[in-house]
Amino acid sequence: MTGRAILVTGFEPYGGRGLNPAHEAMRALDGRNIGGCRVIGRPLPVSLARLPGEIDALLDEHDPDAVISLGLWPGAHAISIERIGVNIADFEIPDNEGAVALDEVLSRDGATALAATLPLRAIEAAMLAAGIPARLSASAGTFLCNACLYSFLDAIARRGRRAPCGFLHVPYAPEQVADLIVAARRDRRIELHQRGDLASMSLDVIVRAVEIAVAETAAALR
């Protein structure tokens, strides 16, 4: 197919969760045309061992004009537009294959950090104008979301491409928070008013936020 294409990736569920809103948003946008660009939606595994190969395969197969990756940040109150990926993997929980990285370098000869190349300010401003809570973030963490951002930026640079690339963290879906509340009441682990992870955002709003990110990226490509 001809024309510009924007690759949108979304991580599969992880950490015992049956749902990942990032994955659902990716699926909702796959095949859409936004701002004159075809959206190619593809899942990513929550696996440090498999992630680099999946990224290389997606870039080789689709040669996208831009890449926007999505992941879940439990407890987030807004869409987090990540500024930077760092060359480190250091996990607090296992990935879906049971691996727990500790101070692992993602790329032995890579830069310490790589800056996202999406039109970040334009994306933030457009989301806020649409009434969607959004903010620029200076840390994507050190789990698979950071590894995804850094590895895509690194792989694109190694190919000599200038394709804009970045990462959006999304909040829980409301049904996930409802499950947390039920579990907290059942297990009496902690008072609900003390929970810091009860924020959520409807999937429709998350999808709209990603649509805006794609549209602003498409405009920057013109």
Original post:
Could you say whether any residue in the range 96-113 is under 16 Å from the mean Cα position of the chain (by Cα), open to solvent by less than 70 Å² (accessible area, probe 1.4 Å) and modelled with pLDDT of 95 or more?
Top reply: no
Subject >> Residues satisfying the stated conditions in the range 33-59, i.e. farther than 22 Å from GLU97 by Cβ and free of Cβ contacts under 8 Å to residues at least 24 places away in the same chain >> reply: ASN33
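Which residues, taken from the range 3-22, are at pLDDT 95 or above, surrounded by fewer than 22 Cβ atoms within 10 Å (Cβ to Cβ) and either in contact with a Lys or Arg (Cβ under 7 Å, 6 or more places away or on another chain) or not hydroxyl-bearing (Ser, Thr, Tyr) (or both)? Please lay out each step first, then the result.
To start, the set of residues in the range 3-22 that are at pLDDT 95 or above comprises 4-14, 19-22.
Those still in the list that are surrounded by fewer than 22 Cβ atoms within 10 Å (Cβ to Cβ) too: 4-5, 12-14, 19.
Result: ARG4, ALA5, GLU12, PRO13, LEU19.
The values are calculated or read from the model by the stated rules, or taken from the named source; none is laboratory data. Keep in mind it's a predicted model, so treat the numbers as computed, not measured. Ideal geometry is used to build each Cβ from the backbone, glycine not excepted, and the neighbour counts take in all protein chains shown. The accessibility values were calculated without ligands, DNA or RNA, using every heavy atom of the protein model including side chains. Shrake-Rupley method; radii C 1.70, N 1.55, O 1.52, S 1.80 Å.
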